[in-house]
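J.: Structure provided below as structure tokens; questions to follow.
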Amino acid sequence: MAGGVLAGLANVRSQVTPPVSRLVCALLVAAGALQPMTAFAIPIPSPSLSDILLPPPSDYAESGANAPFHGSFTSSAYATAWGTKAAEAHTALEADGFVEGYGFTWINQLDKRALIEFVVAFAGGQGARNWLTFAEAGDKADPTYQHADTASGIDPYYGEHNAYPSHDVSDAFAFVKGNDFFVIGFESTQDDVLNLAQTRANNQYNAAPDSTIPRDQWPENAKATASPGSAGFPAGGYVFVAALLIGLLAVVVVFARQSRQRGATMSGDVQMSPDGASWWDGQKWHDAQQEVPFMARRSPDGAFWWDGQKWRPVPQ
């Protein structure tokens with residue numbers, strides 16, 4: 001699934017600059033001021049997300065740290081896969097109650113196939129379903145989208161078939177179970193992975209727990225409860241404010257890290273020169289024939305990158 005689901009995640013390592021550190025402290029103080037009002041705590045999925053994904057087939061091996069999904073990831077990192085809609089995706093993830101993400105990419109070298117699977121825990125079932133709707137709309141708008149795939153025994157879900165400039169194809173399914181959003185997708189050099197994707201998605205759906213956060217802790221099931229001394233104000237209101245502050249903190253930290261490391265923004269946009277020969281990193285121009293913008297979206301096979309108007313081959 002391109003357009004966000006199978007696209008690569010941005011690298012967000014480095015240190016926070018001093019001015020941003022002061023802003024982070026201010027946000028932490030503001031969040032701390034809410035503690036007397038409500039015992040807000042970020043939920044922890046149980047069982048852990050690393051335990052609920054099925055192990056890979058015996059003939060698949062992990063593709064490595066440079067894969068689109070490699071262990072845990074944040075909402076900020078996940079949102080960058082939406083390219084020019086990264087900010088919109090990040091806002092939606094936080095509003096829907098993103099808690100944690102975990103996934104892997106597996107490769108079968110002999111059959112020339114890749115398996116991408118990940119799970120995202122949300123604070124409640126409604127948030128997970130909202131994100132399913134958002135992701136489906138984004139994926140169907142991607143230029144590689146061909147048509148919908150169908151499956152039985154999974155609900156709610158959507159499936160899609162994509163074809164890429166490299167002539168690879170993929171079949172993938174996204175579904176929700178409880179408060180968790182799953183994606184299972186196969187990519188191949190041949191159009192021969194639909195049955196694999198259907199079977200894998202069904203097995204993952206059946207193996208997944210009913211939820212990783214107790215249903216009585218979901219925001220939609222607790223929003224009518226007022227905290228003591230709150231004069232009737234719903235406890236969920238304070239939780240929302242705290243979550244908003246934490247979301248702002250995450251955005252600031254990631255923005256600072258990316259700005260320091262690359263001098264670029266989180267938007268995923270690639271600023272090209274009028275002749276298309278160079279791209280701008282925020283400080284200087286780079287030869288597009290020799291270097292690939294770190295923020296550019298790549299095809300799942302890593303062979304092409306998107307300059308905002310067309311796919312370009314990745315220099316060897």
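J.: Among Tyr205, Tyr102, which is touching a helix residue (DSSP H, G or I) at 6+ places or on another chain (Cβ under 6 Å), modelled with pLDDT of 95 or more, buried (at least 19 other Cβ atoms within 10 Å of the Cβ) and aromatic (Phe, Trp, Tyr)?
T.: After applying the criteria, what remains is Tyr102.
J.: Test Thr80 against the stated conditions and say whether it is in a helix (DSSP H, G or I), over 12 Å from the mean Cα position of the chain (by Cα) and under 21 Å from Gly302 (Cβ atoms).
T.: No, not satisfied.
J.: Tally up the residues in the range 138-180 that are aliphatic (A, V, I, L, M), outside any strand (DSSP E or B) and farther than 20 Å from Phe122 by Cβ, please.
T.: 2
J.: Surrounded by fewer than 20 Cβ atoms within 10 Å (Cβ to Cβ) and among the basic types (Lys, Arg): which single residue out of Lys112, Lys177 fits that description?
T.: Step by step, each of Lys112, Lys177 is checked, and only Lys112 is surrounded by fewer than 20 Cβ atoms within 10 Å (Cβ to Cβ) and among the basic types (Lys, Arg).
J.: Failed condition for Phe186, given (1) closer than 20 Å to His147 by Cα; (2) surrounded by fewer than 19 Cβ atoms within 10 Å (Cβ to Cβ), with all others met?
T.: For Phe186, the exception is condition (2).
J.: Let me ask another. Quick one: is Ala128 under 15 Å from the mean Cα position of the chain (by Cα) and over 17 Å from Ala81 (Cα atoms)?
T.: Against the criterion (under 15 Å from the mean Cα position of the chain (by Cα) and over 17 Å from Ala81 (Cα atoms)), Ala128 qualifies.
The values are calculated or read from the model by the stated rules, or taken from the named source; none is laboratory data. Note that the structure is a prediction, hence the values are computed from the model and not measured. In this analysis, Cβ positions are derived from the backbone assuming ideal geometry, glycine residues included, and neighbour counts consider all displayed protein chains.
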